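Here is the structure we will look at, set down as structure tokens.
The values are calculated or read from the model by the stated rules, or taken from the named source; none is laboratory data. Every value quoted in this text rests on a predicted model; they were computed, and no experiment measured them. Don't worry about glycine lacking a Cβ; one is built from the backbone with ideal geometry, like all the others, and counts go over all protein chains shown.
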Amino acid sequence: MESDRLLSLALKDARSAYGSLERPDFAFVTRAYQRQPYGLLMEAISGFAAVKDDTHLDDDVCFHYKISTKLGSWRLLLSMVGPYAMLFRAPKAHRWTSRVILEPIVDGFSEEERLIFGLADKWGFNLLSGEQSKISVEFESWPGGPMETGPLYRILFSDVFDLAW
């Protein structure tokens, strides 16, 4: 998806979810988590991989899943703000240590990655690249906090993930 169009759609969805980017209301996160709108998608993925919910409601504005098979491990982020997703590959040597640096997947897809992308696409998600997630936006990062410029990732997914890519 073209970056300008992506940014325009993401900001529209963010304003709808948060109510405002200047004074965001994060109540939508709890409501989305209670609804579990992607349960059927995760059931489909669990047909070929182990899936563990790793969502942190204090920091995430996405559903955060650890996915693993004998051949690899991934993190799938499904935004609660709108139809945005990111898939990260975990280095095999580290599996799930606390400080694994993950890379957004851009090429050389495995069979599992093709399946995950296919299912996310079928569900209507826009899969963001690392570069798209770094698009700069202005946003109040916590209630009552100052307006800050940061990556689109913070509005769509989480405030705590280190953008190592």
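A compact table of results
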read-out: Odd one out for ALA44 among (1) hydrophobic (A, V, I, L, M, F, W, C); (2) touching a residue at least 40 places away in the same chain (Cβ under 8 Å); (3) part of a loop (DSSP other than H, G, I, E, B); value: (3)
read-out: Positions within region 67-87 being among the polar types (S, T, N, Q) and loosely packed, with under 15 Cβ neighbours inside 10 Å, in sequence order; value: THR69
read-out: Any hit, region 29-43, residues being modelled with pLDDT under 95 and either closer than 17 Å to PRO151 by Cα or surrounded by 14 or more Cβ atoms within 10 Å (Cβ to Cβ) (or both); value: no
read-out: Odd one out for LEU9 among (1) over 16 Å from PHE157 (Cβ atoms); (2) modelled with pLDDT of 95 or more; (3) over 15 Å from the mean Cα position of the chain (by Cα); value: (1)
read-out: Residues of region 7-59 that turn out to be of a type in the set (A, V, I, L, M) and either within 30 Å of THR69 (Cβ to Cβ) or in contact with an Asp or Glu (Cβ under 8 Å, 6 or more places away or on another chain) (or both), as a count; value: 12
read-out: Qualifying residue in region 45-58 (condition: more than 17 Å from GLY124 (Cα to Cα) and among the aromatic types (Phe, Trp, Tyr)); value: yes
read-out: Region 49-66 - residue that is in contact with a Leu (Cβ under 6 Å, 6 or more places away or on another chain) and in contact (Cβ under 8 Å) with a residue 40 or more places away in the chain and, of those, surrounded by the fewest Cβ atoms within 10 Å (Cβ to Cβ); value: HIS64
